[in-house]
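The values are calculated or read from the model by the stated rules, or taken from the named source; none is laboratory data. Only a predicted model underlies this, so the values are computations on that prediction, with no experimental measurement involved. All Cβ positions, glycine included, derive from the backbone under ideal geometry; neighbour counts span all protein chains shown. Note: accessible area is taken over every heavy atom of the protein model, side chains too, but ligands, DNA and RNA are not part of it. Shrake-Rupley method; radii C 1.70, N 1.55, O 1.52, S 1.80 Å.
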Amino acid sequence: MNSQPSSHTAHSPASVSEYAERTSSHAEAAAVSVTDTFVHRILGVPGALIGSIQVPDPRPLSQRLNTWHYWWQAHLLECIIDAGQRHLREGRITEAQEQLHRARSLLRGINVRNLGRYANDYFDDMAWLTLAVGRMNSFSIELTGANDVAAQDAGAALFEQLAKGFAPGGGMSWRKSKRDFVNAAATAPAAIAYARAGDPHTAAALMDWMNATLWDAERSLYIDGVNVRGEEGEEHEYERGEYTYNQGTALGALLTLAASGVPCEVDPIEQAERLIVGIVKHMTEEVEFVSGARRRILISHGDGDGGLFTGILVRYLGMAASSPLLSDEARALASNLIYSTARALWEGRREFDPNLPMNELGIDPNEIRGKALVQFSPRFTQATSEALKPGAPVELSTQLQAWTILEAAARLAHTRDIASHRGY
């Protein structure tokens, strides 16, 4: 599927270290490409960064100012922490410190862009940023031995907001101005956040509601949410869409709860394994690689907000692939989906030289003279050259998704023996 086959597509590496090095280089290429292309100083404020929504951006200035996608920035922060942890794993302390500095600048930029606060109307947005700043603080402790004050302050402010989001009948409301819509997008990441913050009982209550209300036992997947109607909230109108990111955060919440040992109404390990099977059955498609091998990879949801969905699922499949609580079969299913989806993205990439003088006659746009940047397709079964025309806007969401997936593959390759996983 790749319009420019690469030497990086070989199967069955001779050793785990070779494999880890290869996946690490792919993740590094994504990290450099996203930060060089999208991340910039906001409003000239020193030490404050933000991610552009798309590059190039032909939208009117008024539209650019009004729309900046708070939750995409939270996932940009997650990816920066991923890169920092990868550098730390590899003993590259200076590079890890640079990523922590970038994370701090992005968090400041989010605060500046949000008019000096972290609160907004959407509980799912705030749950995403809560998870990101929690990881940022943990990374700071791991790297420097000290908490990150800005991350802690942000987390405290965000938990204060999340506490207002609990719906009377259970679960987390989607947004402040629509409290009657209670959905997986807010509930599952909030459950992870509470469990990580040392309150697994609240997390268990949220997931008990998810399992009782949003679980589709026939398909072994979670539906999107429910509109609660009537004076007593006795009428339910279900939103039955099934999205990859909701399966991911539910999986992460189940695994985090299982590790906590807090009792739940449904066994979290058994539920996690059922969910992985549901993902394989209903959220994958077949692709043929450059080598001729055919594998099943995760589906993608196109661009816009959907351009992040499957990256989020892969983040938490990475937890499953490394979890000693799951069966060997469940871990293998999760691993193969990560490696194969990462490979599809890498084979479908487009590389280009951003400094190539395109206005000169006779320039080959495929020529690389200096440092190459990489663009990834929003559709995993379609090469970037087909999905994104040269010069057309490229969205941050889709590139963050690819970065997330490639970091997950690198992290998994580093942490476990992958000799039996031939999918990448």
Practice item. Compute from the Cα atoms of the range 172-243 the Rg and the Dmax, the latter being the longest Cα-Cα distance, and quote both in angstrom. Key: 12.4, 35
Study note, to complete from the structure: For the chain, the percent of accessible surface on carbon and sulfur atoms (probe 1.4 angstrom, ligands and nucleic acids excluded) is 50 percent
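Compute the relative contact order of the chain as a whole-number percentage, counting only Cα pairs closer than 8 Å that sit 6 or more residues apart in sequence.
Details: 765 pairs, mean separation 84.9, N = 424.
After rounding, I find 20 percent.
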Study note, to complete from the structure: Calculated from DSSP helices alone, with each H run of at least 4 adding -39500 (n - 2.57) and the total divided by the residues of the chain, [θ]222 nm to the nearest 500 comes to -17500 deg cm²/dmol
Study note, to complete from the structure: Residue by residue through the range 254-259, the couplings from Karplus 6.51 cos²θ - 1.76 cosθ + 1.60 with θ = phi - 60°, in Hz, x for Gly and Pro, are 4, 5, 5, 5, 4, 5
Point to revise | Within straight-line cross-link reach of Lys371, lysines at Cα separation under 22 Å, skipping those fewer than 8 residues along the same chain | key: Lys389
Review point. Under 16 Å from the Cα of Lys178, which lysines turn up, not counting those fewer than eight places away in the same chain?
Key: Lys164
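Just check the range 191-323 against the gyration tensor rule for me: Cα atoms, a ≥ b ≥ c as the square roots of the eigenvalues, rounded for a/c under 1.5, and otherwise prolate or oblate depending on whether a/b exceeds b/c.
On the way: a/c = 2.09, a/b = 1.39, b/c = 1.50.
The shape class here is oblate.
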Exercise for review: Scan [x] 19.3; [y] 21.1; [z] 22.1 for the value of mean projected area of the Cα convex hull in nm² calculated from this model and give just the label.
Suggested key: [y]
**Study point:** Ranked packing of 192-203, 39-50, most packed first, by mean Cβ within 10 Å
**Key:** 192-203, 39-50
Practice item. Using only alpha carbon pairs under 8 Å that are at least six residues apart, calculate the relative contact order of the range 61-126 and give it in whole percent. Key: 30 percent
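Over the chain, give the accessible area per residue in Å² for a 1.4 Å probe, as an integer.
Details: 17160 Å² over 424 residues.
That works out to 40 Å² per residue.
So for each of 179-186, 123-130, 292-299 I average, over its residues, the number of other beta carbons within 10 Å; can you give me the resulting order with the highest mean first? Walk me through the numbers on the way to the answer.
Details: 179-186: 24.1, 123-130: 27.8, 292-299: 17.0.
Ranked from most to least packed, the peptides come out as 123-130, 179-186, 292-299.
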Check your understanding: Using a cut-off of 16 Å between alpha-carbon atoms, which aspartates and glutamates can reach Lys176, once sequence neighbours fewer than 8 places away in the same chain are excluded?
Key -> Asp121, Asp124, Asp125, Glu160
